[in-house]
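Everything on this sheet refers to the single structure shown next.
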Amino acid sequence: MDDDALLAEQVAYYRAGAAEYDRPYAERQELRELLTVVDELPVGGDVLELACGTGQWTPRLAARARSVTAVDVAGEVLALARARTACPTVEFVQADLFEWQPPRRYDTVFFAFWLSHVPPRRLPGFWNTVAAALAPGGKAIFIDDGPAVAEEEEVLTGLPAPAALRRLGDGSEYRIVKVFHDARALTDDLAARGWSARARPVAGNVAGNYVGVAEPPPPDGGTGRRALPPG
């Protein structure tokens with residue numbers, strides 16, 4: 001198995017489990033409270049939401065933004081997101097985030113519980129895509145699971161990327177990419193790539209989530225092109 005095969009199985013999981021995706025938000029108060037973190041973050045202007053899922057975060061982003069472009073690869077979850085978000089300033093796009101290139105720049109690029117699903121070997125390319133999507137002065141904002149959450153997962157070994165096993169209500173099993181980033185290590189990695197970043201545990205959150213805000217390297221020599229490292 002390579003990254004492509006593991007990612008294909010990950011997509012299959014979210015397509016097959018779209019109807020079950022929102023269940024944890026209904027059952028776990030800490031997840032519902034986590035949604036309110038968006039209200040404290042510097043979200044504004046034109047927003048690009050990556051891996052929007054069923055749109056749990058999209059209405060909160062739309063309330064702070066001039067416009068939202070919400071992207072996900074799975075049509076099944078996008079259908080639920082569209083039903084949840086009846087807002088004329090929100091556009092939904094179905095696309096593979098490892099192939100799709102933003103057609104314009106945005107003031108905010110937001111992604112929740114997506115960074116942990118990016119294989120480590122694809123992180124440099126992913127951050128380059130985020131940087132290219134940001135307008136001057138724009139920010140990337142992200143929320144995800146920290147290492148403490150690994151205790152709740154059935155972690156797998158011997159795969160091309162850190163992974164976990166997920167089961168659906170019908171008993172079917174899927175392997176997904178699951179990287180539990182340490183907030184400090186993540187900001188150090190971004191700093192090495194020229195980003196200005198800060199990440200911290202979510203205050204009062206018992207689940208072990210973190211929130212981060214990052215700004216990409218400045219344009220190179222006034223050319224308007226980002227000064228990005230190779231890879």
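The values are calculated or read from the model by the stated rules, or taken from the named source; none is laboratory data. What you see is a predicted model, and the numbers here were worked out from it, not measured in a lab. Please note: Cβ atoms are built from the backbone with ideal geometry, for glycine as well, and neighbour counts cover all protein chains shown.
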- Message: If I ask for residues that are touching a residue at least 40 places away in the same chain (Cβ under 8 Å) and either surrounded by fewer than 19 Cβ atoms within 10 Å (Cβ to Cβ) or at positive phi (or both), which ones from the stretch 67-76 would you list?
- Response: Gly75, Glu76
- Considering residues of the stretch 142-188 that are without any contact (Cβ under 8 Å) to a residue 60 or more places away in the chain, out of contact with any Pro (no Cβ under 9 Å at 6 or more places or on another chain) and among the acidic types (Asp, Glu) only, the residue farthest from Val47 (Cα to Cα): Asp170
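Return yes when Arg23 is of a type in the set (Lys, Arg), surrounded by fewer than 19 Cβ atoms within 10 Å (Cβ to Cβ) and within 17 Å of Ile176 (Cβ to Cβ) and no when it is not. Show your work before the answer.
Numbers: of a type in the set (Lys, Arg): yes; surrounded by fewer than 19 Cβ atoms within 10 Å (Cβ to Cβ): yes; within 17 Å of Ile176 (Cβ to Cβ): yes.
Against the criterion (of a type in the set (Lys, Arg), surrounded by fewer than 19 Cβ atoms within 10 Å (Cβ to Cβ) and within 17 Å of Ile176 (Cβ to Cβ)), Arg23 qualifies.
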- Task: Give, as residue ranges, the strands (runs of 3 or more DSSP E) completely inside the stretch 77-159 that count at least 1 residues that are surrounded by 18 or more Cβ atoms within 10 Å (Cβ to Cβ) and among the acidic types (Asp, Glu).
- Result: 106-112, 134-145
- the stretch 189-203, residues that are touching a residue at least 60 places away in the same chain (Cβ under 8 Å) and farther than 15 Å from Phe126 by Cβ: Val202
- Message: Return the residues of the stretch 77-91 that are among the hydroxyl-bearing types (Ser, Thr, Tyr) and either farther than 17 Å from Leu50 by Cβ or in contact (Cβ under 8 Å) with a residue 60 or more places away in the chain (or both); say none if nothing qualifies.
- Response: Thr89
- Task: Consider only pairs whose beta carbons are under 7 Å apart and that are at least six residues apart or on different chains; among these, list those whose first residue lies in the stretch 32-58 and is closer than 21 Å to Ala19 by Cα and among the hydrophobic types (A, V, I, L, M, F, W, C) and whose second residue is part of a helix (DSSP H, G or I) and at pLDDT below 95.
- Result: Trp57/Leu35; Trp57/Val38
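Suppose we keep only residues that are among the aliphatic types (A, V, I, L, M), more than 17 Å from the chain's Cα centre (by Cα) and over 30 Å from Pro219 (Cβ atoms) within the stretch 171-207. Which one would you say is surrounded by the fewest Cβ atoms within 10 Å (Cβ to Cβ)? Spell out the reasoning first.
Looking only at the stretch 171-207, we keep the residues that are among the aliphatic types (A, V, I, L, M), and these are 176-177, 179, 183, 185-186, 190-192, 197, 199, 202-203, 206-207.
Right, trim to more than 17 Å from the chain's Cα centre (by Cα) and you get 185, 191-192, 203, 206-207.
From what is left, the residues that are over 30 Å from Pro219 (Cβ atoms) are 203, 206-207.
Numbers: Ala203: 8, Val206: 10, Ala207: 16.
Taking the candidates together, the pick is Ala203.
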- Could you please let me know if Ala65 is over 25 Å from Arg175 (Cβ atoms) and touching a strand residue (DSSP E or B) at 6+ places or on another chain (Cβ under 7 Å)? yes
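Within the stretch 36-76, which residues are part of a loop (DSSP other than H, G, I, E, B) and among the charged types (D, E, K, R)?
Keep residues of the stretch 36-76 that are part of a loop (DSSP other than H, G, I, E, B), which gives 41-45, 51-57, 65-66, 73-74.
Once the filter is applied, which keeps residues that are part of a loop (DSSP other than H, G, I, E, B) and among the charged types (D, E, K, R), the stretch 36-76 yields only Arg66.
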